[in-house]
Amino acid sequence: MEKKPKEARTPLTGFASINEDLVQNILKRTPASSFASAACVCKSWNQTCNQILSKPKLASAFSLNPDQKVASQEVVNKVLSEPIRPQFAIANVIGSGVDLSETLNFLAAKLGSKTPIIVSCANGIIGRDAVTDEHQEVMLEDFWADAASKNSGFGVLLTVGFLPGLQVEAIPLLRPRKAASRMAMVDKFVMDIRSYAAYVSGSTSPALVLMFGGEKAEQKPVMEKLDHAMSRETFIAGDERAQFLYKSGIESRNVHGSGTEYISDAVVLVFARDRHKASDVGEIQFHSALSSGVSTIGPRYKVVSVKEIQPETDLTTCLKARREGEQEILGGQRIIDDINNELVNKTELFIGVSKQRQCVIGSENPKLLRSLAFHEVKGGDGEHLFVSGDGISSGDYFHFYHSDPKAALSATSNVSKNFRNLKLDWSSSQLHAGGVGSKEVVGGLVFSCWGRGESFFGHSNVDSSPFLDNFPGIPMAGIFCYGEVGRGFTMLNADDHGDQEEKTSCCCLHVYSTIYVLVSYTPAPLKH
């Protein structure tokens, strides 16, 4: 029987002829909407899309378009111009009369109802322009000066991230609206964070906490309890005082509107390690650094007596003090005059109070906590020194601190040097490992004091420089805050004197400082 000749194979044409690596290279550059459609083309493309989405990513952009809707659309378009699986989002806005709920609802519609989102007002934003891709540090005052009027300016910075091996949730600090004491439920807040971390990771301490405090809420007692409750490995960073709205992935945690039973005094994004992560998922690490912008001046003082007063604006403490080792009680104005006489240029003054307090959460055993708390100096008279805030007790010791651009510049240079050394260590490890399991830099976050910036240093982009100098291509997002939250590193701004107690005290709320959070990823070892 005569055999039929074999049919010639039809050569592969179009997309079918493209190898897998090239397909992945094309797909990872497509916008998120087109990427979602591509994932439905065939099984192999779906697998390739899942591989792309499984990689860590931080995407960020800002827009200064005066039209709030247009600006929000511009940053969303930029952030979603490449594939990303939104795991969390932070939007920081600048301007006057901004409608935060409009931005929150728009982002929820674009990023998904289960994505935790925080929207806050900031005193400035740091990042890359969504249209020009130019890096800028935009201060609110300069932004208003450039706008046609204070009512026409608007700016928004959007940061969206996906960090494999972690789970992220927004958890609020609630205060009963009608309670007589109007005290925030701090213990419940701390226990909610620990419970979520324990459920996800098996440990009550998360890897990272990003915090946004309420505009009129006092965060010192909150941070004291968080510091007490978390292990030393937990980094905490954020903005101490801001107007904000949030959306949690768990609907029962969303408290908004005047008709609700509670008010939110703060909100945190909690990043907890997933104990059930797949074996082929690598390890996310957070590296935290501090650039302090204050220096000590004058002798050490001891508080003799305190009296707290509540004016129409901020809570104020009136205190009497004497120099350490002396008996004479000095008038507040005399103390201020003595300090100002030592300064070359008049600057903003603070006192750093060394405290030792018993801290307790719920029914747990109390623990002695040693901390350093900053209070702005408001003035003085013949008897008292007036400082902002409360929580100071008789017997506490304090030093004066002043804002210092030279110290800030030196500290920022040290942060840059530490990042450079970190990068060299990673390169060396990669060389020895033959490129296997080498670290990848995912992105960076910056929380800087609103008093810094170009007017403080005399030139621009100083606070951004540790990232720009060492990791120029990575996504970076930052804000200028009214109070910088930073915990997870040693406070060493008292090096110019021998006060060991102050050196070893933990400080979580800073002044004239910048907090840096660098995110890295180590891929899982290849399976043989």
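Calculate the FRET efficiency for LYS69 and ASP337 from the Cβ-Cβ distance with a Förster distance of 60 Å, rounded to the nearest 0.05.
With R0 = 60 Å, the Cβ-Cβ based efficiency is 0.65.
Can you list residues whose amide H is under 5 Å from ASP265's amide H, if they're 5+ apart or on another chain and H is modeled 1.01 Å from N?
Here LEU173, LEU174, ARG175 satisfy the definition.
With each label point set 7 Å from Cα along the Cα-Cβ vector, what nm distance links LYS114 and SER195?
Here the modelled spin labels are 2.1 nm apart.
What does a probe at VAL304 reach in segment 374-390, counting residues whose amide N is under 15 Å from the point 7 Å along Cα→Cβ?
Under 15 Å, as judged by backbone N against the label point of VAL304, lie 381-386 of segment 374-390.
For the pair LEU468 and GLU261, what calculated FRET efficiency results from E = 1/(1 + (r/R0)^6), where r is the Cβ-Cβ distance and R0 = 56 Å, to the nearest 0.05?
Values: r = 46 Å, r/R0 = 0.82.
E between GLU261 and LEU468, to the nearest 0.05, is 0.75.
Considering only protein heavy atoms and a 1.4 Å probe, what is the carbon-and-sulfur percentage of the accessible area of segment 334-379?
On the way: 1080 of 2460 Å².
Exposed carbon and sulfur together represent 44 percent of the surface.
Out of residues 5 or more away from VAL442 or on other chains, whose amide H comes under 5 Å of its own, with H placed 1.01 Å from N in the peptide plane?
VAL519, SER520, TYR521
Step through the residues of segment 69-85 one at a time and calculate ³J(HN,Hα) from phi using the Karplus curve (6.51 cos²θ - 1.76 cosθ + 1.60, θ = phi - 60°), rounding each to whole Hz and writing x for Gly and Pro.
With coefficients 6.51, -1.76 and 1.60, one gets 5, 5, 4, 4, 5, 4, 6, 5, 4, 5, 5, 9, 6, 10, x, 7, 9 Hz.
Check ALA61: other-chain or 5+ apart residues with amide H under 5 Å from its amide H, H built from backbone geometry?
LEU158
Whole number in Å², please: accessible area per residue of segment 200-304, 1.4 Å probe, ligands, DNA and RNA not counted.
Working: 3940 Å² over 105 residues.
Using a 1.4 Å probe on heavy atoms only, each residue of segment 200-304 averages 38 Å².
Hey, which of these cross-link pairs are over 25 Å Cα-Cα: LYS178/LYS247; LYS216/LYS417; LYS188/LYS220?
In this structure, LYS216/LYS417 lie more than 25 Å apart at Cα.
Let me check I've understood the local charge: for LEU349, count other residues with C-beta under 12 angstrom from its C-beta, Lys and Arg +1, Asp and Glu -1. What total comes out? Spell out each step's value before the answer.
Working: positive: LYS346, LYS378; negative: ASP337, ASP338, GLU342, GLU348, GLU376, ASP404.
Combined, the nearby Lys, Arg, Asp and Glu give -4.
Mind checking the full-extension length gain between ASP133 and ASP274? Use 0.36 nm per residue of separation minus the Cα-Cα distance, one decimal, nm.
Working: separation 141, 0.36 × 141 = 50.76 nm, distance 3.41 nm.
Extra length available between ASP133 and ASP274 comes to 47.3 nm.
Taking the Cα-to-Cβ direction at LEU100 and at LEU315 and moving 7 Å from each Cα, how far apart do the two end points lie in nm?
Between LEU100 and LEU315, the simple spin-label model gives 2.1 nm.
Tell me, what ³J(HN,Hα) does each residue in segment 438-447 have, in order and in whole Hz, if you take phi through Karplus 6.51 cos²θ - 1.76 cosθ + 1.60 with θ = phi - 60° and put x for Gly and Pro?
6, 6, 10, 8, 8, x, x, 10, 10, 10
Tell me, what HN-Hα J-couplings in whole Hz come from the Karplus equation 6.51 cos²θ - 1.76 cosθ + 1.60 at θ = phi - 60° for each residue of segment 276-283, using x for Gly and Pro?
Those phi angles translate into 9, 5, 5, 5, 8, 9, x, 10 Hz.
The values are calculated or read from the model by the stated rules, or taken from the named source; none is laboratory data. Treat the numbers as computed from the prediction; the structure is a model and nothing was measured. Ideal geometry is used to build each Cβ from the backbone, glycine not excepted, and the neighbour counts take in all protein chains shown. The accessibility values were calculated without ligands, DNA or RNA, using every heavy atom of the protein model including side chains. Shrake-Rupley method; radii C 1.70, N 1.55, O 1.52, S 1.80 Å.
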